[in-house]
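Here the structure is laid out as structure tokens; the discussion comes afterwards.
Read-outs: derived from the displayed coordinates by stated rules, not from any lab. If you're wondering where the values come from, they're calculated on a predicted model, not measured in any experiment. Backbone-built Cβ (ideal geometry, glycine too); neighbour counts: all protein chains shown.
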């Protein structure tokens, strides 16, 4: 079994303390984000989600790519994940 590679960028990688994770048994992007929330809690949630509980949604400006393709051009957060996929998560960045 070849694990998924999850690449974290910007303040998200600094919050987690890693630039890349390897995971197994993640069905889709939503499950992946839920897993990250469960393991890293607020460190991840503050850069990915807006709102709380059932009403939380992906934070505006968050960019998630699966093998280089934006999830909104696939099946959104329900995009299925397979062995050896590469997922890149870019949290929103502020400008000034």
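One table, with the values for the structure above:
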quantity	calculated
Matching label, Cα extents along the principal axes in Å computed from the structure shown, candidates [x] 49, 31, 18; [y] 37, 29, 24; [z] 40, 27, 26	[z]
Global form of the stretch 41-95, assessed from the alpha-carbon gyration tensor, a/c cut-off 1.5	prolate
Gain upon complete extension [residue 43, residue 25; 0.36 nm per residue less C-alpha separation]	4.2 nm
Gained length - residue 50 relative to residue 78, 0.36 nm times residue gap less alpha-carbon distance	8.3 nm
Per-residue Cβ neighbour rank within 10 angstrom, fewest leading, 78, 85, 31	78, 31, 85
Between 0 and 90°, nearest 10: helix 29-40 axis offset from the chain longest Cα axis	60 degrees
Approximate shape of the stretch 1-57 as ellipsoid semi-axes (Cα gyration tensor, √5λ), whole Å, largest first	19, 15, 8
Gain upon complete extension [residue 69, residue 9; 0.36 nm per residue less C-alpha separation]	20.0 nm
